[in-house]
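Only one structure is covered here, and it is reproduced in the block below.
The values are calculated or read from the model by the stated rules, or taken from the named source; none is laboratory data. Please read these numbers as outputs of a predicted model, since none were measured by experiment. Here the Cβ positions follow ideal geometry from the backbone for every residue, glycine too, while neighbour counts run over all protein chains shown.
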Amino acid sequence: MTKLENDRFLRALLKQPVDRTPIWMMRQAGRYLPEYRESRAKAGDFLSLCKNADFACEVTMQPLERFPLDAAILFSDILTIPDAMGLGLYFETGEGPKFKRTVRSQQDFDQLIIPKVEDDLGYVMKAISTIRHELNGKVPLIGFSGSPWTLATYMIEGGSSKDFRHSKAMLYDTPELMHQLLDRLADVVIEYLNAQIAAGAQAVQIFDSWGGALSHRAYQEFSLKYMSKIVAGLNRQAEGRTVPVILFSKGGGQWLQSMASVGADALGLDWTTSLRDARALVGDRVALQGNMDPSVLYAKPERIREEVACILEEYGRGSGHVFNLGHGIHQFVDPDHAKAFIDAVVELSPHYHLDD
Ligand SMILES: Cc1c2[nH]c(c1CCC(=O)O)Cc1[nH]c(c(CCC(=O)O)c1C)Cc1[nH]c(c(CCC(=O)O)c1C)Cc1[nH]c(c(C)c1CCC(=O)O)C2
């Protein structure tokens with residue numbers, strides 16, 4: 001077992017003392033990096049990057065070669081699960097993800113394949129072990145999955161959606177069908193994340209990108225309940241350490257108290273919530289991750305630095321904060337601005353940990 005040289009990300013998630021606030025960025029490997037665009041052109045397309053362990057490893061490492069990040073994130077996609085369930089994932093340039101088949105009826109549900117994670121998603125585990133080998137203990141590797149609700153929206157709509165027309169209709173008209181789908185997805189996610197942990201993921205994040213599209217009642221019943229089932233089903237010890245779990249419901253700022261009670265180690269916040277208020281609400285129960293508006297990276301480096309300073313001050317002193325953007329980095333961001341952001345966290349945050 002290689003010793004982890006930099007564990008401040010894992011420590012902060014468990015609210016253990018750190019020398020400075022750790023940082024990583026959602027979508028840190030992606031189109032804003034010219035070297036990513038080059039690798040994608042070499043591989044042919046995005047899915048070929050995900051399905052080939054050497055390419056997935058190459059692009060995972062790219063942001064770490066440029067910036068002093070405290071974690072790597074597996075290069076993959078949340079939609080690998082519906083693809084393995086037989087829906088036929090493809091990407092049309094400039095149009096985002098699409099599925100050949102959708103799930104809108106009991107019959108569609110009954111036809112879903114129950115994937116054998118080790119085979120059907122074996123390429124993901126292979127990417128994880130390749131990346132761990134390449135990282136050689138430099139920083140921890142994050143594994144991830146979509147939440148059942150977020151995955152279900154893509155499976156029901158057949159791709160991205162603005163209004164979640166078919167998913168909302170199913171939720172309100174045939175809630176029992178929706179529950180069957182969510183429960184099945186929760187079981188697959190548990191197996192998938194446990195396989196990622198066994199292959200070497202040292203923390204996992206559940207992306208509930210569309211949790212915030214639900215009503216207050218529906219969020220608890222159709223999203224949080226299934227994330228809670230997942231958290232309860234995860235193997236959270238590996239290689240002699242705790243494997244922390246991060247829940248990220250985008251737009252979920254008003255539900256932090258209930259999210260804090262499902263047993264995850266940390267909650268991801270988007271930029272619409274104040275870290276100060278969030279910390280007061282959740283107390284010592286969970287760490288917090290976030291939450292700079294990704295669009296701040298369009299501004300000048302001096303302005304980015306001011307925003308970082310405000311966010312550090314909002315969280316205040318002590319461990320339990322992982323710096324991140326409130327959502328994925330945009331594709332038109334100048335990589336030098338991402339560098340200014342990360343450097344600002346590295347330079348300004350030690351002050352907040354003098355008593356740790
Ligand atoms: C909803 C969702 C998806 N995928 C993901 C989510 C949840 C996070 C979020 O809310 O943003 C998660 C994801 N997708 C990707 C990662 C890689 C790891 C990372 O660096 O964060 C992660 C963690 C790569 C990707 N996934 C995708 C890209 C762009 C593909 C390309 O190279 O063209 C990348 C780098 C494609 C993708 N994949 C998905 C969409 C909607 C799109 C198209 C959107 C877009 O074009 O930005 C589904």
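Anything in segment 32-54 that is touching a residue at least 24 places away in the same chain (Cβ under 8 Å), more than 10 Å from the ligand (Cβ to nearest atom), part of a helix (DSSP H, G or I) and not acidic (Asp, Glu)? List them, or say none.
Here is the first cut: in segment 32-54, the ones touching a residue at least 24 places away in the same chain (Cβ under 8 Å) are 32-36, 45-47, 49-54.
If we keep only those that are more than 10 Å from the ligand (Cβ to nearest atom) as well, we get 34-35, 51-54.
So of that shortlist, the ones also part of a helix (DSSP H, G or I) come out as 34-35, 51, 53-54.
Matches in segment 32-54: Pro34, Lys51, Ala53.
Inside segment 124-168, can you point out the residues that are within 14 Å of the ligand (Cβ to nearest atom) and under 19 Å from Glu58 (Cα atoms)?
Residues satisfying the conditions are Val124, Ala127, Ile128, Ile131, Val139, Leu141, Ile142, Gly143, Phe144.
Any idea which residue in segment 55-105 is surrounded by the fewest Cβ atoms within 10 Å (Cβ to Cβ), counting only those that are part of a loop (DSSP other than H, G, I, E, B) and aliphatic (A, V, I, L, M)?
Initial filter on segment 55-105 (part of a loop (DSSP other than H, G, I, E, B)): 67-71, 74-79, 88, 93-95, 100-105.
Okay, now just the ones that are also aliphatic (A, V, I, L, M), so 69, 71, 74, 78-79, 103.
On the way: Leu69: 23, Ala71: 26, Leu74: 26, Ile78: 18, Leu79: 22, Val103: 28.
Among those residues, the one meeting the criterion is Ile78.
Tell me whether segment 324-333 contains one or more residues that are touching a Leu at 6+ places or on another chain (Cβ under 9 Å), part of a helix (DSSP H, G or I) and either in contact (Cβ under 8 Å) with a residue 60 or more places away in the chain or over 27 Å from Gly233 (Cβ atoms) (or both).
no
Name every residue in segment 1-31 that is part of a loop (DSSP other than H, G, I, E, B) and of a type in the set (A, V, I, L, M), in order of residue number.
Met1, Leu4, Leu14, Val18, Met25, Met26, Ala29
Which condition number in (1) surrounded by fewer than 16 Cβ atoms within 10 Å (Cβ to Cβ); (2) of a type in the set (D, E, K, R); (3) over 24 Å from Thr150 (Cβ atoms) is the one that Asp45 fails?
Evaluating Asp45 over (1) surrounded by fewer than 16 Cβ atoms within 10 Å (Cβ to Cβ); (2) of a type in the set (D, E, K, R); (3) over 24 Å from Thr150 (Cβ atoms) leaves (3) as the failure.
So which of Leu112, Leu121, Leu89 is aliphatic (A, V, I, L, M) and either within 11 Å of the ligand (Cβ to nearest atom) or modelled with pLDDT under 95 (or both)? Give the steps one after another, and end with the answer.
Numbers: Leu112 fails: either within 11 Å of the ligand (Cβ to nearest atom) or modelled with pLDDT under 95 (or both); Leu121 fails: either within 11 Å of the ligand (Cβ to nearest atom) or modelled with pLDDT under 95 (or both).
One residue alone meets the criteria, Leu89.
Given the structure, is Gly137 in contact with a Ser or Thr (Cβ under 6 Å, 6 or more places away or on another chain), surrounded by fewer than 15 Cβ atoms within 10 Å (Cβ to Cβ) and touching a residue at least 40 places away in the same chain (Cβ under 8 Å)?
Numbers: in contact with a Ser or Thr (Cβ under 6 Å, 6 or more places away or on another chain): yes; surrounded by fewer than 15 Cβ atoms within 10 Å (Cβ to Cβ): yes; touching a residue at least 40 places away in the same chain (Cβ under 8 Å): yes.
Considered against the rule, which asks whether it is in contact with a Ser or Thr (Cβ under 6 Å, 6 or more places away or on another chain), surrounded by fewer than 15 Cβ atoms within 10 Å (Cβ to Cβ) and touching a residue at least 40 places away in the same chain (Cβ under 8 Å), Gly137 comes out as yes.
Could you tell me which numbered condition Leu87 fails, if it satisfies all but one of (1) more than 21 Å from the chain's Cα centre (by Cα); (2) free of Cβ contacts under 8 Å to residues at least 60 places away in the same chain?
Result: Leu87 passes all but (2).
Every residue in segment 291-324 that is touching a His at 6+ places or on another chain (Cβ under 7 Å), among the aliphatic types (A, V, I, L, M) and more than 16 Å from the ligand (Cβ to nearest atom), please.
Ile304
Would you pick out the residues in segment 294-316 that are hydrophobic (A, V, I, L, M, F, W, C) and closer than 14 Å to Ile342 by Cα?
We begin by selecting, within segment 294-316, every residue hydrophobic (A, V, I, L, M, F, W, C); these are 296-297, 299, 304, 308-312.
Answer for segment 294-316, where residues must be hydrophobic (A, V, I, L, M, F, W, C) and closer than 14 Å to Ile342 by Cα: Val296, Leu297, Ile304, Val308, Ala309, Ile311, Leu312.
For segment 140-167, name all the residues that are surrounded by fewer than 19 Cβ atoms within 10 Å (Cβ to Cβ) and assigned to a helix (DSSP H, G or I).
Once the filter is applied, which keeps residues that are surrounded by fewer than 19 Cβ atoms within 10 Å (Cβ to Cβ) and assigned to a helix (DSSP H, G or I), segment 140-167 yields Arg165, His166.
Suppose we keep only residues that are within 15 Å of the ligand (Cβ to nearest atom) and among the hydrophobic types (A, V, I, L, M, F, W, C) within segment 325-340. Which one would you say is nearest to Pro17 (Cα to Cα)? Can you show your working first?
We begin by selecting, within segment 325-340, every residue within 15 Å of the ligand (Cβ to nearest atom); these are 325-333, 335, 338.
Going one step further and asking which of them are among the hydrophobic types (A, V, I, L, M, F, W, C), we end up with 325, 329, 332-333, 338.
Details: Leu325: 22, Ile329: 28, Phe332: 36, Val333: 32, Ala338: 26 Å.
Residue satisfying both the conditions and the ranking: Leu325.
Scan segment 12-29 and tell me whether some residue there is more than 24 Å from Leu312 (Cβ to Cβ) and in contact with a helix residue (DSSP H, G or I) (Cβ under 6 Å, 6 or more places away or on another chain). Walk me through how you get there before you give the answer.
Narrowing segment 12-29 to residues more than 24 Å from Leu312 (Cβ to Cβ): 29.
Checking which are in contact with a helix residue (DSSP H, G or I) (Cβ under 6 Å, 6 or more places away or on another chain) leaves us with 29.
Yes: one or more hits.
Test Gly283 against the criterion of being modelled with pLDDT under 95 and more than 16 Å from the ligand (Cβ to nearest atom), and give yes or no. I'd like the intermediate steps shown before the answer.
Details: modelled with pLDDT under 95: yes; more than 16 Å from the ligand (Cβ to nearest atom): yes.
Criteria met by Gly283.
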